[in-house]
Amino acid sequence: MLETLFNSTVSASTTELTLSGALLTILVSIILGGIISLTYMKTNPGGFSQSFTLTMVLLPVIVSIIILLIGSNIARAFSLAGAFSIIRFRSAPGDPKDIAYVLFTMAAGLAVGTGYFGYAVLFTLILCLLMFLLNRFNFGTRKTMQRTLKVTIPENLGYEEAFNEVFHQFNVQHELKKIRTTELGSLYELIYLVTMKQETNQKEFLDSIRCRNGNLDLSLTMSPSPANEY
């Protein structure tokens with residue numbers, strides 16, 4: 001019975017386009033697009049734009065309509081391909097997750113357009129559930145983060161072991177990348193590549209560094225510079 005449910009719909013390539021079939025295709029596409037868009041919004045709180053979420057609702061409908069119009073007509077397929085080739089989309093490369101959602105919505109539209117409503121609903125629900133689970137368990141989230149630490153110290157402070165105790169106290173891995181003199185040689189500037197855990201209190205860490213360097217200049221860069229820039 002389950003196989004009958006999923007195979008009961010006939011592919012659009014073997015049937016003529018009808019008003020009822022077109023309306024059903026559009027309706028199912030809108031529902032699936034809305035589900036995918038809601039999933040994206042729930043798994044990206046505060047990090048999505050309205051234009052992108054609306055696009056995910058419309059894209060399955062557009063793709064399914066194109067498939068309906070093409071059917072099994074090869075000449076029509078080449079005509080539509082030529083028409084869409086004159087449209088150019090210029091945008092910056094998107095986030096890989098956003099690109100995956102775009103492909104997701106296109107696949108849903110293709111499945112609905114070819115008449116496989118059951119399979120379209122099935123794989124949409126499975127992938128949406130998968131996205132919820134991956135987001136819920138923070139799959140792929142880094143437990144540590146790299147930062148660039150620049151510290152200015154007086155010339156009478158030995159830089160080799162000046163901050164080892166602080167690094168050990170906050171369990172921060174460090175690598176001294178560069179040493180240079182400033183203020184006509186009266187000060188040293190040390191550049192470290194540090195790796196700290198997400199739960200490390202950065203303010204307390206910097207305060208401990210300030211106590212050791214005499215409250216001279218220091219900075220903690222969120223995005224570490226490439227190695228050739230040190």
key: Among the listed pairs K97/K197; K42/K203; K177/K203; K97/K178; K150/K197; K177/K197, those beyond 29 Å (Cα-Cα)   = K42/K203; K97/K178
message = Give me the one-decimal nm value for the distance between modelled label points at Q146 and K178, 7 Å along each residue's Cα-to-Cβ direction.
response = 1.5
remark   = By the C-alpha gyration tensor axes a ≥ b ≥ c (rounded if a/c is under 1.5, else prolate when a/b exceeds b/c, else oblate), the shape of segment 144-229 is oblate
request  = Decide, for segment 109-189, between rounded, prolate and oblate: order the square roots of the alpha carbon gyration tensor eigenvalues as a ≥ b ≥ c, take rounded if a/c falls under 1.5, and otherwise choose prolate if a/b is larger than b/c, else oblate.
outcome  = prolate
Charge sum, other residues only, whose C-beta stays under 11 Å from T43's C-beta, Lys/Arg counted +1 and Asp/Glu -1 = +3
key: Separation in nanometres of the label points that stand 7 Å from Cα toward Cβ, at L24 and D207   = 6.8
query = Counting pairs of alpha carbon atoms under 8 Å apart in space and at least six apart in sequence, what relative contact order in percent does segment 126-230 give?
reply = 39
Estimated FRET transfer efficiency when R0 is 25 angstrom, pair F137-Q198 (beta carbons, to 0.05) = 0.95
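Each reported figure results from applying straightforward, stated rules to the coordinates on display, with no laboratory input. All values reported here derive from a predicted model rather than from experimental measurement. With ideal geometry, Cβ positions are generated from the backbone for all residues, glycine too; neighbour counts draw on all protein chains shown.
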